[in-house]
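*Asks:* Let me begin by handing over the structure; questions about it come next.
The values are calculated or read from the model by the stated rules, or taken from the named source; none is laboratory data. Only a predicted model underlies this, so the values are computations on that prediction, with no experimental measurement involved. No Cβ is skipped: glycine too gets one built from the backbone with ideal geometry, and neighbour counts run over all protein chains shown. The accessibility values were calculated without ligands, DNA or RNA, using every heavy atom of the protein model including side chains. Shrake-Rupley method; radii C 1.70, N 1.55, O 1.52, S 1.80 Å.
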Amino acid sequence: MNSIIAVEDHMVAETEALFGNVLKQIDCLPGALNLGLLKQLLITAPSVHFAFMGGKEGVDDDGSHIDGRFSAYVITRHVGNDSARRRGDSTTIGSYQIINSLIPKLHGSVVDDVGRMACKSIQNMFTIQLEETFKASLYAITFEVKNMPFVFEADLSSLDDFITFDAQYDIPEHEATAEHDKWLEEPANHTTSEPDLTDTLTDLNT
């Protein structure tokens, strides 16, 4: 079990069950939302996007548990009515409506074998100028899952055999990067310089 994936899947499933087809998109992002990505996501509004934001050491001090933090980005658009972006109208759902439903749905919900979610904060990510520029609203809701477990369960059978390890050492005075790049060519180019020491290990699994 991967705790991060489990929490992300839980948030998406709970949000889909709550809103159905009311939202245009519900998905996960690889990281914090930035301006470039936001411009791409505006066409998905109204939408909710989740992102794992990292965490800190949990109650167990063995390093295998963290207090994980996740963000839910709520995006709504309305070209001609700023109030409708937040409060909704007869044609579109507003960000306040999404937030008001999403928080009680996720706060206190339990992710099986991982932990309980807790809402920690809500932040308006836009100034008035940005809201008018994009004709959209953007809010970030932060959730925490305390003491998330991390158990090593790598499927080593899915990995190819380790074949070759190659290391080249350059003892001061160091050669320039251009020379190092030549050493990494296949075959290595040692016409103008060469490493002080080379290790090559082959067929480590035999």
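*Asks:* If you go through the stretch 14-36, how many residues are within 17 Å of the chain's Cα centre (by Cα) and open to solvent by 40 Å² or more (accessible area, probe 1.4 Å)?
*Replies:* Qualifying residue count, the stretch 14-36: 8.
*Asks:* Go through the stretch 31-53 residue by residue and tally those that are modelled with pLDDT under 90 and under 25 Å from VAL111 (Cβ atoms).
*Replies:* 3
*Asks:* Determine if the stretch 111-131 includes at least one residue that is closer than 21 Å to LEU18 by Cα, among the acidic types (Asp, Glu) and part of a strand (DSSP E or B).
*Replies:* Going residue by residue through the stretch 111-131, those that are closer than 21 Å to LEU18 by Cα are 111-112, 115-122.
Checking which are among the acidic types (Asp, Glu) leaves us with 112.
Applying the additional criterion that residues be part of a strand (DSSP E or B) yields none.
No, that holds for no residue.
*Asks:* Right, another one. Do we have GLU8 as open to solvent by 20 Å² or more (accessible area, probe 1.4 Å), modelled with pLDDT of 95 or more and under 18 Å from the mean Cα position of the chain (by Cα) here?
*Replies:* Values: open to solvent by 20 Å² or more (accessible area, probe 1.4 Å): yes; modelled with pLDDT of 95 or more: yes; under 18 Å from the mean Cα position of the chain (by Cα): yes.
Judged against the criteria, GLU8 is a match.
*Asks:* Just to be sure I understand the filter: pairs with C-beta atoms under 6 Å, separated by 6 or more residues or on different chains, first member in the stretch 135-147 and open to solvent by 20 Å² or more (accessible area, probe 1.4 Å), second member modelled with pLDDT under 95 and among the aliphatic types (A, V, I, L, M). Which pairs pass?
*Replies:* Pairs that qualify, where the first residue is open to solvent by 20 Å² or more (accessible area, probe 1.4 Å) and the partner is modelled with pLDDT under 95 and among the aliphatic types (A, V, I, L, M), are LYS135/VAL79; ASN147/VAL59.
*Asks:* Continuing with the same structure: Within the stretch 33-47, is there a residue that is in a strand (DSSP E or B) and in contact with a strand residue (DSSP E or B) (Cβ under 8 Å, 6 or more places away or on another chain)?
*Replies:* First, the residues of the stretch 33-47 that are in a strand (DSSP E or B): 47.
Narrowing the set further to residues that are in contact with a strand residue (DSSP E or B) (Cβ under 8 Å, 6 or more places away or on another chain) leaves 47.
Yes, the stretch 33-47 contains at least one residue that is in a strand (DSSP E or B) and in contact with a strand residue (DSSP E or B) (Cβ under 8 Å, 6 or more places away or on another chain).
*Asks:* What do you reckon, is GLY55 surrounded by fewer than 18 Cβ atoms within 10 Å (Cβ to Cβ) and not hydroxyl-bearing (Ser, Thr, Tyr)?
*Replies:* Numbers: surrounded by fewer than 18 Cβ atoms within 10 Å (Cβ to Cβ): no; not hydroxyl-bearing (Ser, Thr, Tyr): yes.
So GLY55 does not fit the description; no.
*Asks:* Additional query: Among the residues of the stretch 85-107 satisfying the criterion of being small (Gly, Ala, Ser) and buried (at least 20 other Cβ atoms within 10 Å of the Cβ), which is farthest from LEU29 (Cα to Cα)?
*Replies:* Among those that are small (Gly, Ala, Ser) and buried (at least 20 other Cβ atoms within 10 Å of the Cβ), it is GLY94.
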